Amino acid sequence: MEKTFVYKPSNVCSMEMDIVYDDETMEILSYKSIRGCVGNSQGLGALIRGMKVEEALNRLRGIQCPGSRTRMTSCPDQLSYALEEVLRQEGKID
C-alpha cells in the first residue's frame, strides 16, 4: 500500500522532505523537498525513484555539504535519516 512519510530535516536548506513509498515492497515511489535546491531535490528524487528504502539509505548516509549549517550533513544525508525512520516505522529495524 502507498504511504507518505513527512520528515523535518535539520541543519540544511530543505525545510521538509516528503517520501512516498510502498509499504509492501519498501520501494520509493517519489520524493520531494520543500525549499532547498530545486535541482538537487529533483535530481535526488529521480535517482531514488524505484529504489528500495534500505539501499537508498545506505547510498546517501554520510554525504556532507559545505553549505549545511554544520558542514557535517547534507540534504541527501538528512534524507537517509528520514528513510531510517521509514524503516523503523514499518518495523524493519529497531
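No lab work stands behind these numbers, since they all come straight from the coordinates. Please read all numbers here as calculations on a predicted model, not as lab measurements. Cβ placement follows ideal geometry from the backbone for every residue including glycine, while neighbour counts extend to all protein chains displayed.
What the table shows:
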item	result
GNM flexibility winner over the chain from Ala56, Ala82, Ala46 (Cα, springs under 10 Å)	Ala46
Alpha-carbon centroid distance for the pair segment 35-71 / segment 76-94, whole angstrom	13
Neighbour-count ranking [beta-carbon atoms within 10 angstrom, fewest first] of Arg49, Arg88	Arg88, Arg49
Additional length obtainable on full extension of the chain from Lys52 to Val6, 0.36 nm per residue less Cα span	14.8 nm
Segment 2-89: C-alpha pair distances exceeding 23 Å, %	12
Per-residue Cβ neighbour rank within 10 angstrom, fewest leading, Asp18, Asp77	Asp18, Asp77
